């Protein structure tokens with residue numbers, strides 16, 4: 001089944017806008033007297049074709065240099081000289097067009113093109129500046145507003161995804177089984193190791209506080225995120241004892257790099273739940289953070305095997321992938337695979353600046 005050719009909004013605006021302008025000039029010619037229908041048709045068609053071509057060439061130049069992605073201030077700095085340039089181009093093209101039509105229709109009265117330019121050039125230039133200013137500002141402001149709406153939508157999507165991650169994280173923290181195990185561990189330690197019991201209470205409090213009261217931040221510094229991960233693993237180690245061992249390796253120079261909130265913690269929770277916890281002898285969780293040029297590489301290694309359907313991820317990991325895709329516009333990556341008898345989750349995010 002053939003689909004009808006679709007005319008984009010841009011081309012509709014181009015054709016309709018310049019046709020209206022050409023009709024207005026035709027009306028002016030009609031009201032001024034000496035109107036010729038054949039001349040008016042040629043003028044109208046040539047006006048629409050030439051000025052659509054001019055502004056379309058400008059649009060291609062703008063797209064090629066990504067002006068639509070610039071902040072408003074930087075965009076205005078480029079628009080102002082562009083208006084002047086387009087005004088000069090409009091003047092040159094219009095003078096040549098009008099003079100050529102006069103020659104074809106025998107209306108030049110032996111007037112040279114230089115004399116024609118001296119008489120009409122200034123008026124055409126002023127009209128050109130006015131027209132090009134209207135076109136350029138309308139074009140760029142439309143795209144700027146469209147971009148702002150898109151960014152606002154993406155931001156809302158990110159915030160929604162973060163809220164879901166917070167709810168998932170808080171659900172884990174407030175999960176009766178998790179609390180029961182943690183409180184049971186703390187209770188047993190009260191008699192055997194009061195200092196460890198006190199430490200367990202501190203860790204549980206920090207985790208709950210992080211889930212409840214740091215809700216608005218989309219990003220955290222790597223250092224803050226690792227503090228959260230360490231508290232979580234330390235609390236779990238109080239419960240699992242020798243069945244859980246962990247190591248976090250990260251250069252201190254990376255600490256200020258922003259990362260999506262709860263991203264590394266989510267990977268570690270997944271490694272503990274589906275790796276260490278289900279192994280008879282427990283296991284070792286290794287968090288290794290390195291940098292490869294402009295990418296921060298976060299690798300979480302844990303014991304275990306992937307399920308038969310290796311492409312299927314849990315809700316938490318799917319949520320993380322979506323957040324990464326939105327936050328970094330496709331420049332981040334996440335992989336989950338087996339490596340030397342271990343499950344490896346590797347997250348790569350761009351480092352700006």
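The values are calculated or read from the model by the stated rules, or taken from the named source; none is laboratory data. All values derive from a computational prediction rather than experimental measurement. Counting neighbours? That spans all protein chains shown, and the Cβs are built from the backbone with ideal geometry, glycine included.
Quick check on the range 30-49. Is at least one of its residues under 19 Å from residue 136 (Cβ atoms), free of Cβ contacts under 8 Å to residues at least 12 places away in the same chain and either assigned to a helix (DSSP H, G or I) or touching a strand residue (DSSP E or B) at 6+ places or on another chain (Cβ under 6 Å) (or both)? Checking the range 30-49: not a single residue is under 19 Å from residue 136 (Cβ atoms), free of Cβ contacts under 8 Å to residues at least 12 places away in the same chain and either assigned to a helix (DSSP H, G or I) or touching a strand residue (DSSP E or B) at 6+ places or on another chain (Cβ under 6 Å) (or both).
Please work out if residue 136 is modelled with pLDDT of 90 or more and touching a helix residue (DSSP H, G or I) at 6+ places or on another chain (Cβ under 6 Å). So residue 136 fits the description; yes.
Working carefully through the options 53, 7, find the one that is free of Cβ contacts under 8 Å to residues at least 24 places away in the same chain and either farther than 20 Å from residue 131 by Cβ or part of a loop (DSSP other than H, G, I, E, B) (or both). Explain how you work it out, then say what you get.
Numbers: 53 fails: either farther than 20 Å from residue 131 by Cβ or part of a loop (DSSP other than H, G, I, E, B) (or both).
Result: 7 is the single residue among 53, 7 that is free of Cβ contacts under 8 Å to residues at least 24 places away in the same chain and either farther than 20 Å from residue 131 by Cβ or part of a loop (DSSP other than H, G, I, E, B) (or both).
Restricting attention to the range 323-349, the residues that are surrounded by 15 or more Cβ atoms within 10 Å (Cβ to Cβ) and either under 25 Å from residue 305 (Cα atoms) or in contact with a strand residue (DSSP E or B) (Cβ under 8 Å, 6 or more places away or on another chain) (or both) total 16. When the range 221-236 is examined, which residues are found to be buried (at least 18 other Cβ atoms within 10 Å of the Cβ) and modelled with pLDDT of 85 or more? Scanning the range 221-236 gives 222, 225, 226, 229, 233.
Of the residues making up the range 275-288, those that are crowded, with 21+ Cβ neighbours inside 10 Å and part of a strand (DSSP E or B) are 283, 285, 287. Of everything listed in (1) in contact with a helix residue (DSSP H, G or I) (Cβ under 7 Å, 6 or more places away or on another chain); (2) modelled with pLDDT of 85 or more; (3) under 30 Å from residue 146 (Cα atoms); (4) surrounded by fewer than 17 Cβ atoms within 10 Å (Cβ to Cβ), the single unmet condition for residue 83 is (4).
Which is modelled with pLDDT of 80 or more, more than 28 Å from residue 349 (Cα to Cα), in the same structural domain as residue 334 (by TED's automatic domain parsing) and exposed (fewer than 13 other Cβ atoms within 10 Å of the Cβ), of 241, 199? Walk me through it before giving the result.
Numbers: 199 fails: exposed (fewer than 13 other Cβ atoms within 10 Å of the Cβ).
Every option except 241 fails the conditions.
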